[in-house]
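A short worksheet on the structure shown next.
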Ligand SMILES: C[S@@+](CC[C@H](N)C(=O)[O-])C[C@H]1O[C@@H](n2cnc3c(N)ncnc32)[C@H](O)[C@@H]1O
């Protein structure tokens, strides 16, 4: 099983270490394999972590760690309001997919391996990539690829999908990547399917909807002087965080890093996944 290397770990620890109050209750909204959680628990011996993950595999992993300083909740972090929790004095969201999710062919996130067209983080959810590809209208597919994948001209690929699915539905990642590779050849070293797969994943997991509103509502759950760290992996997501923090600045607290924090060269060499990671930090003010 692939290990997940937590990205920007030193920078996240430093953000909490230098905040006005030492954290004793941190929210880890995206537990994954607990890389950040475990490092934070090592750093702050009095810390208690409440973690969310909507992937049952992540929750299973958390349950195997025998540390009663971790409480794991198998839900979407956007449902935080449904739980009665104490105020946090730190919060972390390391958005997107984990390496074990990406590298498990059965989850269908990657076209490097052949697997079912699935891409769900939450396995209780009904909508899969297969359903989107085989049943969504031509217009809906165009929207997904141009909006979430920022693909300039997805029309030929979409037309080919809609044409081919009349004869046989798409069921595997390789079938879809094969079609994209045959039609869209203009992307240099990056496989043309990369952006299409990312767009589909965002659509399946509804990753961007309500994200800004959720972040804006977080100060209600956090102590004054506590910090919120958000790591994103693609420009659309980062734009939402950046604009939301700008909106919150002065009314609800302050932006800590005007310039986005990216991984050092050493980390980028050691962990290619960190190359697209962007960290933004916000410190809560006194008002709710
Ligand atoms: C990049 S990984 C986090 C890795 C983690 N920081 C670590 O070091 O192991 C993102 C995790 O968040 C989960 N996730 C993504 N969006 C979520 C959401 N809206 N609600 C709950 N979990 C989510 C995914 O299932 C995945 O396990």
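Numerical summary
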{"item": "Hey, residue 3 within 11 Å of the ligand (Cβ to nearest atom), assigned to a loop (DSSP other than H, G, I, E, B) and surrounded by fewer than 23 Cβ atoms within 10 Å (Cβ to Cβ) or not", "result": "yes"}
{"item": "The stretch 228-242 - residue that is away from the ligand (no atom under 16 Å from the Cβ) and modelled with pLDDT of 95 or more and, of those, surrounded by the most Cβ atoms within 10 Å (Cβ to Cβ)", "result": "242"}
{"item": "Residue match in the stretch 90-107 (condition: part of a loop (DSSP other than H, G, I, E, B), more than 21 Å from the chain's Cα centre (by Cα), in the same structural domain as residue 275 (by TED's automatic domain parsing) and touching a residue at least 12 places away in the same chain (Cβ under 8 Å))", "result": "no"}
{"item": "Of all residues making up the stretch 38-55, the number that are modelled with pLDDT under 95 and buried (at least 22 other Cβ atoms within 10 Å of the Cβ)", "result": "0"}
{"item": "Residues of the stretch 200-221 satisfying the condition of being within 21 Å of the chain's Cα centre (by Cα) and away from the ligand (no atom under 16 Å from the Cβ)", "result": "219"}
{"item": "Those residues of the stretch 40-56 which are within 8 Å of the ligand (Cβ to nearest atom) and either in contact with a strand residue (DSSP E or B) (Cβ under 8 Å, 6 or more places away or on another chain) or without any contact (Cβ under 8 Å) to a residue 60 or more places away in the chain (or both), in sequence order", "result": "52, 53"}
{"item": "Qualifying residue in the stretch 152-164 (condition: over 24 Å from residue 232 (Cα atoms), within 16 Å of the ligand (Cβ to nearest atom), out of contact with any helix residue (DSSP H, G or I) (no Cβ under 8 Å at 6 or more places or on another chain) and without any contact (Cβ under 8 Å) to a residue 40 or more places away in the chain)", "result": "no"}
{"item": "Residue list for the stretch 117-137, filter: surrounded by 13 or more Cβ atoms within 10 Å (Cβ to Cβ) and in contact with a helix residue (DSSP H, G or I) (Cβ under 7 Å, 6 or more places away or on another chain)", "result": "117, 118, 119, 120, 121, 127, 128, 129, 132, 133"}
{"item": "Selection within the stretch 212-227 - closer than 27 Å to residue 194 by Cα and surrounded by 20 or more Cβ atoms within 10 Å (Cβ to Cβ)", "result": "none"}
{"item": "Residues located in the stretch 261-281, provided they are in contact with a helix residue (DSSP H, G or I) (Cβ under 7 Å, 6 or more places away or on another chain) and assigned to a loop (DSSP other than H, G, I, E, B)", "result": "263"}
{"item": "Qualifying residue in the stretch 233-247 (condition: within 16 Å of residue 14 (Cβ to Cβ), outside any loop (DSSP other than H, G, I, E, B) and touching a strand residue (DSSP E or B) at 6+ places or on another chain (Cβ under 9 Å))", "result": "no"}
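Residue by residue, here is whether (1) within 14 Å of the ligand (Cβ to nearest atom); (2) at pLDDT 95 or above; (3) in contact with a helix residue (DSSP H, G or I) (Cβ under 9 Å, 6 or more places away or on another chain) holds:
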{"position": "10", "(1), (2), (3)": "yes, yes, yes"}
{"position": "25", "(1), (2), (3)": "no, yes, no"}
{"position": "28", "(1), (2), (3)": "yes, yes, yes"}
{"position": "33", "(1), (2), (3)": "yes, yes, yes"}
{"position": "36", "(1), (2), (3)": "yes, yes, yes"}
{"position": "58", "(1), (2), (3)": "yes, yes, yes"}
{"position": "67", "(1), (2), (3)": "no, no, yes"}
{"position": "79", "(1), (2), (3)": "yes, yes, no"}
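The values are calculated or read from the model by the stated rules, or taken from the named source; none is laboratory data. Every value quoted in this text rests on a predicted model; they were computed, and no experiment measured them. Because the Cβ atoms are built from the backbone with ideal geometry, glycine has one as well, and the counts that use them run over all protein chains shown.
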